[in-house]
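Undergrad: There's a structure below that I have some questions on.
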Amino acid sequence: QVQVVESGGGLVPAGDSLRLSCVASGRTLRSLVMGWFRQAPGKEREFVGGISRGSNTDYTDSVKGRFTISRDNAKNTVYLQMNSLKPEDTAVYYCAADLRRLRVGKSRQEYDYWGQGTQVTVSS
């Protein structure tokens, strides 16, 4: 069993930055592929980015160059650094863990454990 807990959301003006954290427990972070997803009101949950066991990262096009994912295996924590935030980034952000694969998956079905989500609101 893996527990995943996100934190760090909040309300910020457009152009600002936020850093989300995701702590995974129950398994060593080295054995997990970690993904970030988001869900805006009335929309499907979508892939934001992820980091493989070997720390390779992948991002959706809309956040490339603005968002950065990193991991600190010693702290069992994954970070989502979000810069140059836009109102369209407003959503609940979820962290997820994949126990089975080596690469970053972009589909929700590829992830086994999910956090409860943290709200990010970007005002215009």
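The values are calculated or read from the model by the stated rules, or taken from the named source; none is laboratory data. What you are looking at is a predicted structure, and each value in this text was computed from that prediction instead of being measured. Counting neighbours? That spans all protein chains shown, and the Cβs are built from the backbone with ideal geometry, glycine included. For the accessible areas, the whole protein counts, side chains as well, though only heavy atoms, and no ligand, DNA or RNA atoms are used. Shrake-Rupley method; radii C 1.70, N 1.55, O 1.52, S 1.80 Å.
Undergrad: Quick one: 3J(HN,Hα) in Hz for the range 83-100, Karplus 6.51/-1.76/1.60 with θ = phi - 60°, rounded, Gly and Pro as x.
TA: Using θ = phi - 60°, the values come out as 10, 6, 5, 10, x, 6, 7, 4, 4, 8, 9, 10, 9, 9, 10, 10, 8, 9 Hz.
Undergrad: Computed over the Cα atoms of the range 73-112, what is the ratio Rg over Rh, Rh following Kirkwood?
TA: Rg/Rh: 1.02.
Undergrad: Going out from 0 in 5 Å bins, what whole percent of all Cα-Cα distances in the chain drops into each bin?
TA: 2, 13, 24, 27, 19, 10, 4, 1, 0
Undergrad: Then there is this: Taking all protein chains as present, what is the carbon and sulfur share of the accessible area of the range 10-124, in % to the nearest whole number, probe 1.4 Å?
TA: Carbon with sulfur: 46 percent of the solvent-accessible area.
Undergrad: Among S70, S84, S21, which one shows the highest mean-square fluctuation when the chain is modelled as a Gaussian network with alpha-carbon springs under 10 Å?
TA: The residue with the greatest mean-square fluctuation here is S84.
Undergrad: Among G49, G117, Y93, which residue has its Cα positioned farthest towards the positive end of the charge dipole of the range 38-124, with +1 placed on the Cβ of Lys and Arg, -1 on the Cβ of Asp and Glu, and the dipole taken about the Cα centre?
TA: Result: G49.
Undergrad: Let me ask something else. All other residues with a Cβ under 14 Å from the Cβ of A14 taken together, and with Lys, Arg as +1 and Asp, Glu as -1, what is their net charge? Present the calculation step by step, with values, prior to reporting the outcome.
TA: Numbers: positive: R66, K86; negative: D16, E88, D89.
Taking every other residue near A14 into account, the sum is -1.
Undergrad: Let me ask something else. Given H placed on each backbone N at 1.01 Å, which residues far from G49 in sequence or on other chains put an amide H within less than 5 Å of it?
TA: Here the answer is W36, T60, since their amide H atoms fall under 5 Å of that of G49.
Undergrad: Cα gyration tensor of the range 21-69, axes a ≥ b ≥ c as square roots of the eigenvalues: rounded (a/c below 1.5), prolate (a/b > b/c) or oblate?
TA: oblate
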